[in-house]
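Shown next, in structure tokens, is the structure this report addresses.
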Amino acid sequence: MEFGLDDLGANIKRLRQTKSSRIKSGRSMLQKELADLAGIPASSLCNIEGGKYSNPTWEILTKIARGLECEISEFFVSDSSQVSPSQIALTEMIEMIIRERVETILSEQNKR
């Protein structure tokens, strides 16, 4: 079974809904609230969660992860109760790639 944009969006939505809203006490985080925290348009987040955003960049995913206070790798894990060894390996590989990419970006920014 392939992992697609629908899965990515569903995982982001699931993570958002597990976070408490800072605006409405006792409720899940709203799309608008996460979009504001991430610094992206609410329409973009809506399209990502709906699987309609065809090319979400690492920058956008990083901003969303920061807003959710989670790792980007959590966006790519299937929502099943059992995680296969290959999914664990994939998650670890994604985390490593992300860390390396962030380090490269920060290093380039520090050179400026």
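Points to keep in mind about this one:
- Listed pairs LYS19/LYS52; LYS24/LYS111; LYS52/LYS111; LYS13/LYS111 exceeding 32 Å between Cα atoms: LYS24/LYS111; LYS52/LYS111; LYS13/LYS111
- Amide hydrogen neighbours beyond the local backbone of SER28, cut-off 5 Å, H modeled: SER21
- Packing order of peptides 62-70, 94-102, highest average first: 62-70, 94-102 (average count of other Cβ atoms within 10 Å over each peptide's residues).
- Positive-end residue, the chain charge dipole about Cα centroid, Cβ charges, pick of SER73, SER28, MET93: SER28
- Gain on full stretching of the segment that runs from THR91 to GLU2 - 0.36 nm per residue minus C-alpha separation: 30.6 nm
- For region 5-111, convex hull volume per residue from C-alpha positions, Å³: 105 Å³
- The slack between ARG112 and TRP58, meaning 0.36 nm per residue of separation minus the straight C-alpha distance, is 17.3 nm.
The numbers here are math on the coordinates, done by the rules we state, and not lab data. Predicted model, so just to flag it, every value in this text is computed and none were measured. Positions of Cβ are backbone-derived with ideal geometry, glycine not excepted, and every protein chain shown enters the neighbour counts.
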